[in-house]
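Reviewing the structure listed below.
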Amino acid sequence: MNIRLAQRAAALVPSATLAVTEKARALKARGVDVIAFAAGQPDFDTPAFIKQAAISALERGDTKYPTPAVGIPALRDAVCAYFRQFCGLDYAPNAVCVNVGAKDTLYLAFQALIDPGDEVIVPVPYWVSYPEQVRLAGGTPVFVEPDANLKMTPAALAAALTPRTRAVIINSPSNPSGVAYSADELAALAEVIAGSDALVIADEIYHRLYFGQQAPVALASLPGMFARTLSVNGCSKTYAMTGWRLGFAGGPQPLIKAIGQLQGQATSGPTSFVQTACVDALTGDQTCVDEMRAAYRRRVETMVAGLRAIDGVDCPMPDGTFYVFPDVSGTFARLGVSDADGFAERALDQAHVAMVSGVAFGMPKRVRLSFATSDQQIETGLARLTKMLS
Ligand SMILES: Cc1ncc(COP(=O)(O)O)c(C=O)c1O
C-alpha cells in the first residue's frame, strides 16, 4: 500500500547532527576507529547521586502517571529554586513547566505561540531544530546573519522584526558557535525587542558550561524582559543527563499553562521517577557541574590550540558549551571540496574523524567539533586532522 504522509511529515528535514552520528556509528560497527567530535552530548556519566535518586524513586513505587501534566509540584518547586539560584529569576511555581527535554519545551512553545504566517527570528548560526520546529507549527523562520563575532547585532535584529514577528530566539551560549552574549550586548538586543510585540525564547541550556569567570546573564533578568521571555533550560547538558529527557522553562503564566495543556494531550509529561530524581539534580550538591566545567575548560584549550595550528583553519575561542565552530574555508581548495559538507565528509572518510558540517547550522564555511570526549581522543583527532590537512 502506498502510505501517503501529511505534508508536515514529508517536508521534514532529518537532523543533520543525528545523521552524522549515525554514519560514524555504522563505521565503528565495521571496526573502524572513529574519533567522535560530532556528538551533542557530554561524555560524562550522570552523577551517581542522581542515578541513586531515580533508583530509590523506582523502589518506592514511583511508577504511575506523573501529575499534573505540567510537572510534579516537587520538581516545579526545585525548578523555581534553580532559576533563583543560578539565573537570578524569581518564577512562581505556576510560571514553570517541565517537559520531555528542552527540545520538547521548545516544540510545545512554538505550538502554543504560532499561527500560520507568523514569523520567528532565528539568528544564524542556529541549532538545527529551531527552523524545523517553527515550520512544524506553521510559522516562518526568519534568519538573521551574524556579525564577524557570530553574534546578532541590534541593527540586524531591528531590520528583521515585522508586525508578524511572534518570537525572537536567543541561544546563549550558542550551539553550534559556543558564543555567549555579554550583559551589555543582551541589553542592546533587549532594547530593540522592547519596541516590538515579540516574545523572546531564551534557550539557555548551556548556561552552566562557560569558560570565563562569570556565568552568562539570563536574558529574562534584564529590565522589561521578564514578562515577555520564555527561559528554556534543562538537565541534559548541565548534569550529563541527555538520555533522561528532562527540560524545563519559566515564563509568562498563560504560555506555561498552554504548554502544560499541550503536554497533557501529547505525552502526559516526563517520566515520573525521572522527575523525582531531577529534584535531587537541581537542588543537590553541584560539585559535579564544577568538575565537568573544569574538564571542558581544559579541553577547549587543547582543541582551539590544535585547530589554530592547522593552516587554513580559523578557530574562535568559544565562551561556553562544548563546541568549537571554526571557519575551515581556507582548506577547501587544498582538499578539492566546495563547502563544509565536503570537508566533514573527507574528515570522516579519510581521517576517521566525525564532525558536523556548518551547512546544517546555516554557515557553510564552518564545521562544528564537540570536545565532549576524552583528552586522549581530542589529541588523536587533532593529530589526524593535522595530517589530513598537511
Ligand atoms: C541549543 C540547544 N537547545 C536545546 C537542546 C535540547 O536539549 P534536550 O532536549 O536534551 O534537553 C539542545 C540539544 O542539543 C541544544 O543544543
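Read the figures in this text as sums done on the coordinates, not as results from a lab. Predicted model, so just to flag it, every value in this text is computed and none were measured. All Cβ positions, even for glycine, are placed from backbone atoms using ideal geometry, and neighbour counts span all protein chains on display.
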The helix 73-87 Cα axis meets the longest alpha-carbon principal axis of the chain at an angle in degrees, between 0 and 90 and rounded to 10, of 50 degrees
Chymotrypsin sites (Phe, Trp or Tyr not before Pro) in the stretch 29-107 lying in a DSSP loop, each with at most 16 other Cβ atoms within 10 Å of its Cβ, come to Phe44
Applied in sequence order to the stretch 338-349, the curve 6.51 cos²θ - 1.76 cosθ + 1.60 (Karplus, θ = phi - 60°) yields integer Hz couplings, x standing for Gly and Pro, of 10, 7, 5, 4, x, 4, 5, 5, 5, 4, 6, 5
One finds the C-alpha centres of the stretch 309-323 and the stretch 122-150 to be spaced, in Å, by 22 Å
From DSSP H assignment alone, runs of 4+ in the chain each adding -39500 (n - 2.57), the sum over residues rounded to the nearest 500 puts [θ] at 222 nm at -13000 deg cm²/dmol
Taking only the Cα positions of the stretch 48-283, the convex hull volume per residue in Å³ is 112 Å³
Listed by chain and number, the lysines with an alpha carbon less than 23 angstrom from that of Lys28, same-chain partners under 8 positions apart left out, are Lys387
Computed over the chain: longest principal axis from alpha-carbon atoms vs helix 287-308 long axis, angle to nearest 10 degrees, is 30 degrees
Links exceeding 28 Å between C-alpha atoms in this model, out of Lys23/Lys64; Lys51/Lys103; Lys237/Lys257; Lys103/Lys365; Lys103/Lys257, come to Lys23/Lys64
So, relative contact order of the stretch 48-283 in percent, Cα under 8 Å, 6 or more apart, is 31 percent
For the chain, the charge dipole (Cβ of Lys, Arg +1; Cβ of Asp, Glu -1; about the Cα centre) points to a positive end, and the Cα of Ile3, Gly212, Thr229 closest to that extreme belongs to Ile3
Sorting Pro47, Val70, Ala26 by the position of each Cα along the dipole of the stretch 16-136 (Lys, Arg +1; Asp, Glu -1; all at Cβ), the one nearest the positive end of that ordering is Ala26
Ordering 224-230, 310-316 by per-residue average of other C-beta atoms within 10 angstrom, highest first, gives 224-230, 310-316
